[in-house]
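Data first, discussion second: the structure below is written as structure tokens.
None of the figures in this text is laboratory data; all of them are computed from the coordinates on show. For clarity, every value in this text was computed on a predicted model and none was experimentally measured. Neighbour counts are summed over all protein chains in view; Cβ atoms, including those assigned to glycine, are modelled from backbone coordinates with ideal geometry.
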Amino acid sequence: MKNIWTCIILVMLFPPVYKEQEKKEVLSTPLPVAGNLFIITTDGFRWQEVFTGADPALINSSKYTPDTSTIKMLYWAENPEERRKKLLPFFWNVIAQKGQVFGNRGYQNKVDVANLYSISYPGYNELFTGNTDMYISSNKKRNNPNINVLEYLDSRPSFAGKVAAFSSWDVFPYILNTKRNNLPVNSGYNNIEEGTTYQQLINTVQQEVIYDKKPTRYDQLTFLTAKEYLQQHNPRVLYLGLGETDEFAHEGRYDLYLQQASQVDRMIAELWHWVQTTPGYKDNTTFIITTDHGRGSKASNWTAHGEFISGSSQTWFAVIGPGIKPAGEIKSNEQQYIQQMAQTIAHLLGEEFSITAASPVSLH
Ligand SMILES: [Zn+2]
């Protein structure tokens, strides 16, 4: 009896989380709909660098940044706002002017993964299926039993054949389960066979020039392949999954991690410029940019991530596109989760994904 009363009191004091989510869905304003949507992720890139630029403890460490002086010339400034602009100019000169950026914990604006593990497969599963799955706890190449929003969209008449995914990491065909859905997913060092001369050139580089093939392809090759496909096939939904930020962090190379983040920023800028100069895409395309997990928040553990490394669940996201208010960096006390992305992706295209998926994010 006593236990029942304890339960009742606890529920009154701490209402279950889903209550909060239901309330949010009612309160949040509908998301603006555009004709096309690009989702871009850069693996394991920390919110700390997004919002404060290079970390002083890591850029000044000769262990993690071998040529400290050159890297500081490129990415250092005393003021964090200047510093982040040096690292990610497109982010802070364009998205922060025209779009919205979430996850600055300096203002208690929080974005996290909802899964327990804070590693890649569970993170991408959450992002694309709108739920966590406690049985997805490793990065093993196993076909995902959960339905993802990309295959859902591809099953809709107005999106059929208009959804494509490109990733550096070679586990994506399993995460998105191409065996079940036949989505075009180009990952790792896979070639695109019926391509243009330009695509054949990329194939040649992949097969004959890259001799140290790892599970994560060079991001530049993923980017070039995606851009060529975009120009040839005009998909409405494009996923670009970049992976080298995580690779360099695991190697403990803070200099290369920064350099890669800066290149990712440039790739996004190039895509945005292409979109804004191409009929059909111009003023009709939304970008969502995010990551699959955080990393350790200290100088002693930033190279790693996982359920026992604090900071690993902490992420961020950015949105830019027609109808998105230019609210810039969001500074209000809020909590959002990566599992909300799947329904967000659907709503931004005027579609409704599975009713069991977490409610979409609240934009400002
Ligand atoms: Zn990793």
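Each of VAL33 and ASN333 was given a label point 7 Å from its Cα along the Cα-to-Cβ line. The distance between the two points is 3.6 nm. Cross-linked pairs LYS98/LYS213; LYS72/LYS325; LYS85/LYS110; LYS162/LYS282: Cα-Cα separations exceed 27 Å for LYS98/LYS213; LYS72/LYS325. Shape class of region 317-356 from the alpha-carbon gyration tensor: oblate, with a/c at 1.5 or above and b/c at least as large as a/b.
Between ASP133 and ASN182, the distance separating the two model label sites (each 7 Å from Cα on the Cα→Cβ line) works out to 2.2 nm.
For region 239-247, backbone phi angles converted through the Karplus equation (6.51, -1.76, 1.60; θ = phi - 60°) give residue-by-residue couplings of 10, 10, x, 9, x, 6, 4, 5, 4 Hz, Gly and Pro being listed as x. Here the Karplus curve 6.51 cos²θ - 1.76 cosθ + 1.60, taken at θ = phi - 60°, turns the phi angles of region 314-326 into couplings of 7, 10, 6, 7, 9, 9, 9, x, x, x, 7, 5, x Hz, with x standing for Gly and Pro. Taking the DSSP beta bridges with both ends in region 24-348, the antiparallel portion is around 30 percent.
Taking 0.36 nm per residue of separation and subtracting the Cα-Cα distance, full extension of the segment from SER62 to GLN97 would add 9.1 nm. Between LYS213 and ALA77, what FRET efficiency comes out of the Förster formula 1/(1 + (r/R0)^6) with R0 = 45 Å and r the beta carbon distance, rounded to 0.05? The formula returns an efficiency of 0.75 here. Here's how it looks for LEU37: its modeled amide H is under 5 Å from those of VAL237, LEU238, THR286, which are all 5 or more places away or on a different chain. Apply the a/c threshold of 1.5 to the C-alpha gyration tensor of region 207-328 and tell me whether it is rounded, prolate or oblate. The shape class here is oblate. Projected label points at ASN143 and GLU193, each 7 Å from Cα along the beta carbon direction, are separated by 2.0 nanometres. One chain, two ends: ARG266 and GLN220. Fully extended at 0.36 nm per residue, the span grows by 15.5 nm beyond their Cα-Cα distance. Cα gyration tensor of region 24-348, axes a ≥ b ≥ c as square roots of the eigenvalues: rounded (a/c below 1.5), prolate (a/b > b/c) or oblate? It comes out rounded by the Cα gyration axes. As a proxy for reagent exposure, ASP212, ASP219 were ordered by neighbouring Cβ count within 10 angstrom, fewest first; the result is ASP212, ASP219. Treating r as the C-beta distance of SER310 and GLU352 and R0 as 35 Å, the FRET efficiency rounds to 0.45.
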